[in-house]
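Here's the structure we're looking at; comments come further down.
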Amino acid sequence: MAAAPAVRFPVFGLVRLLGLAAAAGILFWAVHFRGGMALSTDEESKLPLFNVHPVLMLIGLVALNGEALFSSYKTVPGTKKLKKLVHLAVQFLAMFLSLIGLWAVWKFHDERKIDHLYTLHSWLGLACFIFFSLQWAAGFWTFWYPGGSRSGRAFLLPWHVFFGIFIYVLAIATSVTGLLEKSIFMQSAKMIERFSTEAMFMNSLAMLLVLLSGLVILAIVSPGPSKIDTYRGSSE
């Protein structure tokens with residue numbers, strides 16, 4: 001079977017840079033183009049409440065989740081127990097922020113009398129959050145407390161890794177469809193033009209997320225620096 005690609009450039013640093021850029025990008029969009037964010041609403045405009053949704057969902061399920069997928073086991077020094085704790089804590093923060101993001105959009109729909117869960121984006125988003133929560137709970141129960149048997153952990157670990165990557169890809173798909181949906185809605189309502197600065201910015205942010213997803217997956221599957229020569233030798 002072919003070995004995982006040996007990365008010879010600073011993929012972890014690049015992932016962190018792009019993750020920060022994506023988080024800063026969605027925050028910039030919400031503040032600069034859409035008037036900011038707020039957890040409370042007024043009669044003049046409820047859009048700041050909606051803006052909480054994309055900002056927290058992207059920061060949680062994409063930026064923080066992507067960081068937790070590889071950082072706790074490949075870049076954080078210390079004992080295995082510490083690495084697990086960092087992984088669980090970052091993932092929990094991502095889940096908490098996402099929960100607030102879901103609450104914000106649900107409240108926005110209620111106040112605007114908009115139907116819930118009628119678009120592909122909403123279905124993907126709900127599925128992503130449910131899978132993410134179940135994955136976190138299963139990981140906590142099996143690998144932290146009370147902890148499964150050694151054979152149980154060995155059986156679950158590859159599935160835990162697989163579903164972690166799957167959920168991350170699902171989060172990227174949800175974010176990209178969300179940006180597309182919002183852009184189309186605003187263009188249909190004549191809020192923005194097709195080739196406006198905001199529309200191009202949203203397209204660019206979506207492309208950045210696609211690039212980020214590829215690098216995160218590469219960072220996960222690639223061997224550590226100390227194993228590169230081992231992989232290289234086995235292929236000769």
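The values are calculated or read from the model by the stated rules, or taken from the named source; none is laboratory data. Quantities reported herein were computed from a predicted structural model and do not represent experimental measurements. Here Cβ is always computed from backbone atoms with ideal geometry, including for glycine, and neighbour counts include all displayed protein chains. Side chains included, ligands, DNA and RNA excluded: accessible areas come from the protein's heavy atoms. Shrake-Rupley method; radii C 1.70, N 1.55, O 1.52, S 1.80 Å.
State which residue is least open to solvent (accessible area, probe 1.4 Å) when the search covers only the range 174-197 and only residues that are in a loop (DSSP other than H, G, I, E, B) and of a type outside the set (Val, Ile, Thr). I'd like the intermediate steps shown before the answer.
Within the range 174-197, the first condition is being in a loop (DSSP other than H, G, I, E, B), and the residues that meet it are 189-196.
So of that shortlist, the ones also of a type outside the set (Val, Ile, Thr) come out as 189-191, 193-196.
Numbers: Ala189: 62, Lys190: 163, Met191: 93, Glu193: 127, Arg194: 175, Phe195: 177, Ser196: 27 Å².
Only one residue fits best here, namely Ser196.
Restricting attention to the range 140-160, does a residue exist that is closer than 24 Å to Pro54 by Cα, part of a helix (DSSP H, G or I) and in contact with a helix residue (DSSP H, G or I) (Cβ under 9 Å, 6 or more places away or on another chain)?
no
Within the range 159-189, count every residue that is at pLDDT below 95 and either of a type in the set (D, E, K, R) or farther than 20 Å from Ser133 by Cβ (or both).
Residues that pass the stated criteria total 0.
Considering only the range 30-39, I want to know if a residue exists there that is open to solvent by 20 Å² or more (accessible area, probe 1.4 Å), charged (D, E, K, R) and under 20 Å from Leu99 (Cβ atoms). Explain how you work it out, then say what you get.
From the range 30-39, those open to solvent by 20 Å² or more (accessible area, probe 1.4 Å) are 31-35, 37-39; that's our starting set.
Right, trim to charged (D, E, K, R) and you get 34.
If we keep only those that are under 20 Å from Leu99 (Cβ atoms) too, we end up with none.
The answer is no; no qualifying residue exists.
Based on this model, can you work out whether Gly13 counts as exposed (fewer than 15 other Cβ atoms within 10 Å of the Cβ) and assigned to a loop (DSSP other than H, G, I, E, B)?
Numbers: exposed (fewer than 15 other Cβ atoms within 10 Å of the Cβ): yes; assigned to a loop (DSSP other than H, G, I, E, B): no.
No; evaluated as a whole, the condition is false for this residue.
Step by step: first the residues of the range 96-120, then only those that are assigned to a loop (DSSP other than H, G, I, E, B) and closer than 24 Å to Leu170 by Cα, then the one that is least open to solvent (accessible area, probe 1.4 Å). Which residue is that? Quick ask: steps written out before the conclusion?
Here is the first cut: in the range 96-120, the residues assigned to a loop (DSSP other than H, G, I, E, B) are 113-119.
Still in the list and also closer than 24 Å to Leu170 by Cα: 115-119.
Details: Asp115: 112, His116: 55, Leu117: 72, Tyr118: 129, Thr119: 25 Å².
Applying the filter and picking the extreme gives Thr119.
Select, from Leu88, Leu126, Leu69, the only residue that is within 16 Å of Tyr168 (Cα to Cα) and free of Cβ contacts under 8 Å to residues at least 40 places away in the same chain. Spell out the reasoning first.
Details: Leu88 fails: free of Cβ contacts under 8 Å to residues at least 40 places away in the same chain; Leu69 fails: free of Cβ contacts under 8 Å to residues at least 40 places away in the same chain.
Exactly one residue qualifies, and that residue is Leu126.
Using the structure shown, decide if Trp123 is open to solvent by 50 Å² or more (accessible area, probe 1.4 Å) and closer than 19 Å to Leu97 by Cα. Before the answer, list the steps.
Values: open to solvent by 50 Å² or more (accessible area, probe 1.4 Å): yes; closer than 19 Å to Leu97 by Cα: yes.
Yes.
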